[in-house]
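Reviewing the structure listed below.
Read-outs throughout are calculated quantities, based only on the coordinates presented, and are distinct from any laboratory measurement. Just so you know, these numbers come straight off a predicted model, no measurement behind them. Every residue, glycine among them, receives a Cβ derived from its backbone with ideal geometry; neighbour counts consider all protein chains shown.
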Amino acid sequence: MTDYPPADDRLRHLLAQEINTRVETWKLAFAIATDIVHSPDVRAELDRIAAAHSAGQPCSDLNCPRCFEAQLTPGIRDAARQAAGQPTAYEALRCAHCGLEVEDKGDPSMDGNHHVRWVHVPGGYSICFPQQSASSPRATPAAGLAAPTNHDTEVRPPRSTWRVEGYDADRWLPLGMPEEDRETAVARRASWEQRLPETPTRLVRETTTWTVESDTTTGAQS
């Protein structure tokens, strides 16, 4: 009996199986899976996660329960900071671009001066937005983001992505991964229209904003 999924194409077939639970045809599911595994951004992110795991470091991806729990568990987080000589209080600096915690991992140079080198916690020298590859900003401290004092205010700039959707089984479904710039998404839509000429497509923009909300329980009487 032939093993399935095939050993040399496991990722694409596993993705297609999951996608096929949301679409009507295996052809469409396999086409979406093919687009995902061939995406340079997806491959780069897989390499980043694998490298972090190989080094015994949290990958900081919320879809990796083991690493994400380690990031959020105070005991594990504080023990790591203490070992690194960092303060254990959670009021740490946060990145001006992505909002993750940052710390200075710079070392003295040959001239004896300390050179600042900001990194993410966790994540190390990883870039802020892996989807943007080389164009992504890197860890930059933004004082005040850790504990904002103004309620209902924006804590970081809005972030927009564009995705292509196809109409299948009486509903609109995503075709592939979202893109960080509109031009790439437009080109991706044209590619999908050539591959699936009978499937209606549309371009959708998704804008994410981050705001601080008032805690209605603050000051509540027990």
Could you check the simple spin-label distance between SER191 and THR209, using points 7 Å along Cα→Cβ, in nm with one decimal? 3.2 nm
For 23-33, 163-173, ranked highest to lowest by mean beta-carbon neighbours within 10 Å, the order is 23-33, 163-173
Using θ = phi - 60° and the Karplus form 6.51 cos²θ - 1.76 cosθ + 1.60, what ³J(HN,Hα) does each residue of the stretch 162-167 get, whole Hz, x for Gly and Pro? 10, 9, 9, 10, x, 8
5 angstrom amide H check on GLU179, placed H, neighbours 5+ away: TRP162, ARG163
Residues whose built amide H sits under 5 Å from the amide H of LEU100, excluding neighbours closer than 5 in sequence, are CYS95
Ordered by residue, what ³J(HN,Hα) values in Hz, to whole numbers, does the stretch 190-202 give under the Karplus form 6.51 cos²θ - 1.76 cosθ + 1.60, where θ = phi - 60° and Gly and Pro are x? 4, 5, 5, 5, 6, 6, 10, x, 8, 9, x, 10, 8
Want the number for ASP104 to HIS13: 0.36 nm per residue separation, take away the alpha-carbon distance, what's left? 28.5 nm
In nanometres, the difference between 0.36 nm per residue of separation and the alpha-carbon distance of SER39 and ALA142 is 33.9 nm
For GLU24, residues with placed amide H under 5 Å, excluding near neighbours: none
Could you sort 194-204, 38-48 so that the peptide with the highest average Cβ count within 10 Å comes first and the rest follow in order? 38-48, 194-204
Sequence order, the stretch 12-20: Karplus ³J(HN,Hα) from phi using 6.51 cos²θ - 1.76 cosθ + 1.60, θ = phi - 60°, Hz rounded, Gly and Pro as x, gives 5, 5, 5, 5, 4, 4, 5, 5, 5
